[in-house]
Amino acid sequence: MPGRKETSLTGRIETIGIVVKPDDAEVVTAAMALATGLAARGVSVLGDDAWAHATDAVEAASRVEMIERCDLVVVLGGDGSLLGVARLTGSRPV
């Protein structure tokens, strides 16, 4: 697909996406701490639109955009959140 970043599982992880369970303050706090730590280590971090506005450590992105741009996506939430993101990945090794 044009414009999609091709990533191998053995390549360096440069961009990480973080998706959170909506409306869970504890999860958002954990996501902000994770994003801040990753950014301090030089990793680009994309945050799910649901929470990314809460910190300057991340760039806000839709889940679809995140899947296209990230090497790794971390899901902080329940089974539904994880399955929703997994469906979006298709054949990409994210």
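Tabulated data
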| read-out | value |
| --- | --- |
| Region 37-56, subset at pLDDT 90 or above and under 13 Å from the mean Cα position of the chain (by Cα), residue surrounded by the most Cβ atoms within 10 Å (Cβ to Cβ) | Gly47 |
| Of all residues making up region 71-94, the number that are of a type outside the set (Ser, Thr, Tyr) and part of a loop (DSSP other than H, G, I, E, B) | 7 |
| Cβ-Cβ under 9 Å pairs, at least 6 apart or on other chains, region 24-35 side among the charged types (D, E, K, R), far side buried (at least 17 other Cβ atoms within 10 Å of the Cβ) | Asp24/Leu76; Asp24/Gly77 |
| Pair list, Cβ under 8 Å, 6 or more apart: region 72-84 residue at pLDDT 85 or above, other residue of a type outside the set (Val, Ile, Thr) and assigned to a strand (DSSP E or B) | Leu72/Gly17; Val73/Gly17; Val74/Gly17 |
| Matching entry among Glu59, Glu14, Glu65, Glu6 (being modelled with pLDDT under 90 and of a type in the set (Asp, Glu)) | Glu6 |
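The values are calculated or read from the model by the stated rules, or taken from the named source; none is laboratory data. Remember, predicted model here, so these are calculated numbers, not experimental data. Please note: Cβ atoms are built from the backbone with ideal geometry, for glycine as well, and neighbour counts cover all protein chains shown.
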